[in-house]
Structure formats: C-alpha cells, structure tokens
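The structure under discussion appears below in the form of structure tokens.
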Amino acid sequence: MGSFYGCARSTIGAARTWFYYKRIILISNSRVEAMKKMLILAIVTILSASFGCGSNSPVSDSERSIEQKVDSLLSVMTLQEKVGQLTLYTSDMDQTGAFLRPEYLEDVRSGNVGAIFNAYGAEYTRELQEMAVNETRLGIPLLFGYDVIHGHRTIFPVPLGQAASWDLDLIEASERVAAREASAEGLHWTFAPMVDISRDPRWGRIVEGAGEDTYLGSKISAARVRGFQGNDLGDVQTIAATMKHFAAYGAAKAGRDYHTVDMSDRELREIYLPPFKAGFDAGAATVMTSFNTLNGIPATANEYLFEDILRDEWGFDGFVVTDYTAIMELLFHGVARDEQHATELAMNAGIDMSMQDGFYQRNLADLVEEGKITEEQLDNAVANVLRVKYQLGLFEDPYRYSSTEREEAEIMKPENIETARDMARKSMVLLKNQNQVLPIKDDVETIAVIGPLADSQRDLIGSWSAAGDWSKSVSLLQGLKNKKPEINFIHAKGTGIDDGDTSGFDAAVNAARQADMVILALGEAYWMSGEAASRSEIDLPGAQQELAKEIHALGKPTVAVLMNGRPLTINWLDENIPAILETWFLGTTTGDAIADVLFGDYNPSGKLPVTFPKSVGQIPIHYDMKNTGRPFDANNKYTSKYLDISNEPLYVFGHGLSYTTFDYSPITLSSNKMATSDSLQVSVTVSNTGEYAGEEVVQLYLHDKVASIAPPARRLKGFQKINLQPGESKEVVFNVTNKDLSFYQKDMSYGSEPGEFMVFVGGSSKDTQSAEFVLE
Ligand code: NOJ
C-alpha cells in the first residue's frame with residue numbers, strides 16, 4: 001500500500017482537478033460534448049486518485065502522483081491527441097501582421113498542437129489557453145515557450161558578457177528576474193540557457209554562450225538553470241529551462257553557422273558535454289537538439305546523444321524538443337528520403353517534440369499505424385511532455401502564469417533594472433589601461449563622445465532580445481550625461497558601423513579637438529552576432545579603425561569603449577589607444593553602467609571568458625591547448641608555430657584589469673602529496689596594493705605532467721571572486737579533489753592517473769604562481 005499521505009494527497013489532487021475542469025466543461029459549447037468530456041474526466045480522476053493509494057515504489061509521492069496522472073491521461077488520449085502534444089508552432093507574424101502559419105489557431109482549437117512559442121503577454125496567452133482548454137476534447141493546456149536569452153523585458157548583458165563577470169550568484173539572480181518577468185506574461189518555458197562551448201569567434205552564436213571554457217561554462221549553466229527554475233518548477237514565478245543545443249553546435253567547422261561537426265568522443269565528453277550535464281544535474285526540464293551533424297549523424301536523428309547519453313547514462317526525464325524545422329532539415333542533410341523517413345529517424349533518436357516543421361503532426365500517426373514507430377515510443381514521448389506540464393502546475397490552473405496584475409507589477413520594475421545595471425557593471429572587462437587613463441579624472445570639462453555606437457540604442461540590447469524594447473535602453477552618451485550633467489559632452493558619429501562612410505570624419509575630428517579627452521564607441525551592430533551571423537574577419541567593421549586613427553593622431557587622452565558580441569582582432573587599438581574597455585552589449589542599462597565604470601563609481605572586475613586572437617588565422621585558439629610534440633621555440637623552425645604571426649593571442653582567457661592592483665603570494669599546499677580519496681588545499685594570499693577598492697577573480701588551473709592521454713597545458717578547475725579594500729589582504733583556499741584531476745583515459749573510463757601535477761593560481765590563465773604535487 002502507498003503511504004497514507006500519498007494516498008490523501010493524490011485524492012485531494014484528483015478532486016481539485018475534477019472541480020477545476022468540471023467548471024470548464026460545463027461551459028463547453030454543446031451538452032453532448034460536455035457529457036463526453038465529463039465521462040473522460042471522471043475516469044482520469046478516479047485512476048489518478050486510486051494510483052496514489054496503491055503503490056510502494058521508491059519515487060516520492062509527488063513524483064508518483066504526477067506519473068499516475070500522466071498515465072491516466074495517456075490512457076484516454078487518441079493517436080491524434082498524442083501527436084498534438086508533440087507539436088510546437090510559432091505564433092509569429094510577418095511584417096504585414098499576418099501569421100507565419102495562419103492555420104496555427106485552428107491547430108490550437110483542434111488539439112493539433114501542444115505548445116506555442118513566441119506568444120507572450122498575459123492577455124494573449126490567456127486567450128490562446130482558453131482555446132486549448134475549452135475547445136479541445138481533453139482540454140490539455142498549452143505550453144508557451146520563448147527565447148528569453150538575456151532578460152525578458154529588462155534586458156541584461158548578452159550571455160557572453162555575463163560570463164565575463166564570473167559571478168554565479170548574480171547570473172542566477174539575473175535569470176530569476178528574467179523568469180519573473182517572463183512568467184508574469186504567460187510564459188512557461190524558455191529556450192535557454194545556451195550552454196554550447198565555442199572556441200571560434202567567427203561563429204556568431206558565441207555571444208549566446210559562456211565562452212570557451214568547460215569548467216566556467218558548466219558552473220554558469222547550472223546557475224542559469226537554477227535562476228530560471230528555482231527549486232520548484234511549480235512556483236508560478238519560475239519557468240522551465242532548455243539546455244541547448246545538444247550537442248557540440250559551437251564546434252561548427254570554419255565557424256560557419258549550422259556547419260558540420262566532427263570530433264572524437266573524448267573531446268565531446270570532455271569539452272562539450274559537461275555544461276549540459278551540469279544543467280541536467282541542476283534539474284533542467286528540457287533539452288533542444290542542435291542543427292549540426294555530429295560525426296556524420298545530424299543531432300536531430302542522433303540516438304547516441306539522446307538515447308544513450310541523455311536518457312540512459314544521465315537519466316533525463318524531461319522532454320527533448322528539436323530546433324526550428326530541424327526534422328525537415330534531415331532531408332537537406334541527406335539522411336532522410338522523405339518526410340516520413342525524417343520523422344521516423346527523429347522519433348527513433350528519442351526526440352519528443354518537433355518545432356515548427358509539422359513533421360510529427362503530419363507523419364507520426366501513419367508511422368504508428370504502419371508499425372514503424374511503436375505506441376510505446378509515442379506514449380513515452382507524450383509522457384515526457386505531459387510530465388513537464390504537470391510539474392508546471394498547468395493542469396491545476398492553466399492560466400496561473402497569465403496574470404495582468406503580475407505583469408504590471410513585475411515588468412521592468414526598479415529592482416529588475418538595478419539588478420541589470422549591477423550585472424552590466426560586472427560584465428565589463430578592462431582590457432588595457434595605460435598610464436591610468438581611467439577612471440576619468442575630476443578636472444575634465446569637455447569630452448568628445450565619438451563613434452557609430454556612441455548614441456546607439458538598438459544595438460545595446462544585442463541579438464535575441466526577447467520582448468525587450470530597445471528604445472528603453474540607455475545609450476552611452478545618455479548615460480554619461482546622466483552621470484555628469486556638469487561636463488560638456490560633444491557627440492559626433494564619425495562613421496556608420498559597417499558602411500565605410502568617411503564623410504563624418506571631419507566633424508568627429510573637430511569635436512575631438514575641442515575636448516579634453518575622447519571616448520570612442522566602436523564595435524559591431526547587434527545583428528552581426530547571434531544566429532546566422534558568422535563573420536570570416538573579426539576586425540572592427542567598416543571605417544571604424546580609420547576613424548580611430550584620425551582621432552588618435554590628435555594626441556588626446558582616448559578611451560575605446562567596445563560594443564560587440566564576440567572577440568575582435570583589435571591589434572591596432574591595442575597598440576595605440578591607451579585604454580580599452582570591453583562592454584559587449586550590456587542591455588537596457590548600458591549607458592548608465594558604462595558611466596559608472598568610466599568615472600570610477602564601479603571598479604571593473606570582469607575577466608575574459610574567451611580568448612581574443614590576434615588574427616583569424618590562429619582560430620581555434622584557446623588557453624587549454626595541448627603542448628604538441630614540438631612546443632614553440634623561437635630559435636627552432638621545426639616547432640609548432642606560424643611563419644607570419646606569433647602563437648600568442650591578443651588577450652588571454654581570464655584576462656581583465658582593475659583600477660587597483662593585486663599582488664599574489666606564492667602558493668602554499670597543505671601537502672605535496674595527495675591520495676585519490678583525499679583532497680589538497682591550495683592557498684594564496686591576495687593583497688590589494690593599489691588605491692581603489694576592487695574585486696578580483698582568483699583562478700586555479702591544473703596540469704597533469706604525464707598522462708596516458710596528452711594533457712592540456714592547463715585547465716581551469718576553480719575560481720573565487722573576492723572583494724578587497726586598498727591595503728587589505730585575504731587568504732584564498734581552493735580544495736582540489738580527485739575529480740579535478742580526472743579525465744577520459746585511454747579506455748574512455750573517467751578517472752585520474754597517479755603522478756606529478758602542477759597547480760597554477762593567478763588573475764588570468766597566464767599570469768599565475770605555480771607549485772607541484774604528486775597524486776599517489
Ligand atoms: C533557432 C535557434 O537555433 C534556437 O536557439 C531558438 O531557440 C529557436 N530558433 C527558436 O527561436
């Protein structure tokens with residue numbers, strides 16, 4: 001027998017469902033319809049109440065009761081209703097205001113669709129939900145999804161920028177704000193976080209991820225999932241997260257979006273999968289397929305990824321959704337003969353829901369009837385979707401997320417804007433600050449603010465800006481004026497972002513001549529990164545560098561403020577402009593946050609989550625490369641290098657300056673030996689030796705000196721962000737465990753090998769102290 005409480009709870013739950021739906025059914029159009037629905041509902045209710053009283057399984061009562069509800073609902077669903085639950089369509093309109101897919105409302109009314117994306121707003125989602133609940137036979141609520149990638153209405157820095165903060169609590173808090181805003185507008189589900197590792201800045205989607213590193217990326221993945229989902233998916237202020245894109249999408253050949261991926265299983269598991277595993281461990285409810293092939297097999301037809309790894313190895317019990325029309329794309333990949341075949345491949349790979357191509361809707365029922373897909377497979381997929389709907393509480397109240405009051409109270413409320421500004425301040429990376437040009441001194445009277453991004457608003461909210469309103473973003477110029485109304489700011493655009501137009505140069509030079517100093521706002525347009533936005537050259541576009549040269553020739557103190565969605569090759573700026581502040585795209589509060597940093601109200605603390613190359617020819621370039629059998633030697637031609645450029649990047653992973661300076665003591669180890677069952681404490685004392693209070697990200701890297709698999713030169717295995725007043729010192733202690741020393745060995749088992757290790761601690765991947773120990 002089940003526990004008394006389990007039994008009582010499922011009976012109460014069933015009763016609640018009964019009363020709730022009875023109300024809805026009673027307002028159904030026809031009496032016969034209403035009677036039919038009540039009969040079905042009675043069966044579902046009795047089944048789910050009785051299941052809770054009769055089992056003794058190890059799963060918790062609430063899990064069991066959800067499984068029972070799912071089973072009882074499944075038992076009364078027709079084939080067509082089941083297929084409907086596996087179908088997702090957009091509610092998008094084109095520029096004329098016409099629906100991209102005009103039949104979509106009809107599909108909602110007839111139960112041919114289980115989820116809708118791009119519809120938001122308390123009233124609109126309620127209207128759609130009413131159609132699904134009142135007009136379909138079973139009244140199964142819709143799931144509303146949306147790309148809430150870096151904020152919903154209050155736009156936060158792009159994810160790559162947020163990653164530069166290395167501030168996991170703040171990243172989590174940012175997603176909580178996004179979840180609160182999104183859920184108040186009827187959304188249940190976000191297509192985020194994107195946890196794809198990428199080492200190729202040509203790939204435009206590098207902006208959506210956490211950069212090149214697996215350890216940092218995994219920590220951020222978990223923080224984002226926690227932020228979106230909280231501890232309870234049933235909490236109305238949380239939304240279901242989607243880990244995407246499974247898998248290895250960031251390794252597209254030549255950095256060209258959607259392109260082929262080929263890699264060893266070792267690299268896949270060591271570099272690309274851990275952020276997904278971290279998101280899974282944090283409870284992510286859904287996973288999205290990637291567009292690419294992986295070792296010849298498109299992800300959307302890849303049983304190894306979804307059945308073997310995700311379900312069997314990890315035990316994932318949420319649902320898998322394809323990326324946009326990805327089942328249809330199996331035809332173009334050349335692995336499917338026709339629609340039916342593509343559908344069969346996807347279903348057999350364990351893909352539960354199809355996005356936008358309608359392939360499941362059109363083909364699944366036939367495949368089941370022909371016996372090519374079993375009913376059990378279909379039921380499993382439907383159960384995966386229904387389970388998440390139950391967890392979200394949609395069967396108890398399908399309208400609980402669509403609340404006009406919450407919408408009004410939550411959207412862009414002052415606390416949300418303040419969190420966004422904090423995130424924006426902490427996302428900036430001070431790349432260079434020669435002669436302490438920054439922070440701007442008090443005696444400055446006139447500042448020229450020059451460049452195509454100086455007064456831009458649209459670009460600031462980046463790509464994937466959800467329901468963000470760019471006209472509410474604070475431009476750099478506006479932010480500067482807000483902060484220092486007493487300063488005379490002269491603005492000149494100089495040139496467009498990518499038009500190569502030099503006709504504004506004279507005005508820009510004139511403005512600079514009149515000023516005590518110049519702020520040059522340079523970078524990319526918002527559409528130059530994100531999906532389908534790969535670039536073969538990653539220089540400053542258009543005539544921006546020429547503009548910088550003209551201004552530089554005047555010899556005024558100059559600060560370059562960069563706005564961009566990827567690392568750029570900015571060698572000339574680095575050689576010539578004394579101060580460079582990387583700001584990415586900082587979102588709604590951009591100008592105010594940058595002004596906080598430029599004027600020293602916030603001391604920059606960001607560190608690069610991705611390497612900045614000197615040249616596209618160096619790509620892929622990342623800090624954890626292997627040594628090769630011929631490590632670089634300037635005096636030996638036959639070592640691993642280029643004839644025309646150094647191996648070194650422009651800025652290394654983990655680099656980022658502060659207005660103050662930090663001094664690192666030598667490393668102290670708790671022992672110079674460690675047993676696998678043991679741990680080792682690695683300590684350093686960090687002192688603030690400058691004049692400003694500041695935060696430092698203390699980074700720990702490890703290197704296995706000899707291993708059966710050629711080890712990377714070093715790999716990040718820990719970091720701590722500390723705050724120090726001028727003159728203050730703090731001891732920072734890291735706990736190194738056997739897991740930190742483990743890797744995929746020759747036979748692909750995961751573990752460590754005894755021997756000598758090096759440990760590095762410092763303020764970047766290069767600037768470190770080191771020590772050695774032995775793993776026994
Ligand atoms: C395609 C993108 O690859 C994916 O990340 C996004 O979630 C979907 N479109 C839906 O907008």
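The values are calculated or read from the model by the stated rules, or taken from the named source; none is laboratory data. Remember, predicted model here, so these are calculated numbers, not experimental data. Every residue, glycine among them, receives a Cβ derived from its backbone with ideal geometry; neighbour counts consider all protein chains shown.
Structure data summary
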| read-out | value |
| --- | --- |
| Scope the stretch 284-337; condition more than 27 Å from V388 (Cα to Cα) and more than 16 Å from the ligand (Cβ to nearest atom); matching residues | N295, G296, I297, L331, G334, V335, A336, R337 |
| Q340 vs. criteria within 16 Å of the ligand (Cβ to nearest atom), surrounded by fewer than 24 Cβ atoms within 10 Å (Cβ to Cβ) and not basic (K, R) | no |
| Selection from the stretch 215-272 of residues that are touching a residue at least 60 places away in the same chain (Cβ under 8 Å) and acidic (D, E) | D257, D265, E270 |
| T286 surrounded by fewer than 24 Cβ atoms within 10 Å (Cβ to Cβ), in contact with a strand residue (DSSP E or B) (Cβ under 7 Å, 6 or more places away or on another chain) and either modelled with pLDDT of 95 or more or of a type in the set (D, E, K, R) (or both) | no |
| Those residues of the stretch 469-519 which are among the aliphatic types (A, V, I, L, M), in contact with a Gly (Cβ under 9 Å, 6 or more places away or on another chain) and surrounded by fewer than 17 Cβ atoms within 10 Å (Cβ to Cβ), in sequence order | A507 |
| Condition check for L586: more than 29 Å from V698 (Cα to Cα) and either assigned to a helix (DSSP H, G or I) or not acidic (D, E) (or both) | no |
| Residues satisfying the stated conditions in the stretch 289-342, i.e. within 17 Å of Q361 (Cβ to Cβ) and among the polar types (S, T, N, Q) | T300, T322, T325, Q340 |
| Output for the stretch 479-534, where each listed residue is away from the ligand (no atom under 16 Å from the Cβ), among the small types (G, A, S) and touching a helix residue (DSSP H, G or I) at 6+ places or on another chain (Cβ under 6 Å) | G479, A492, G494, A512, A521, A525 |
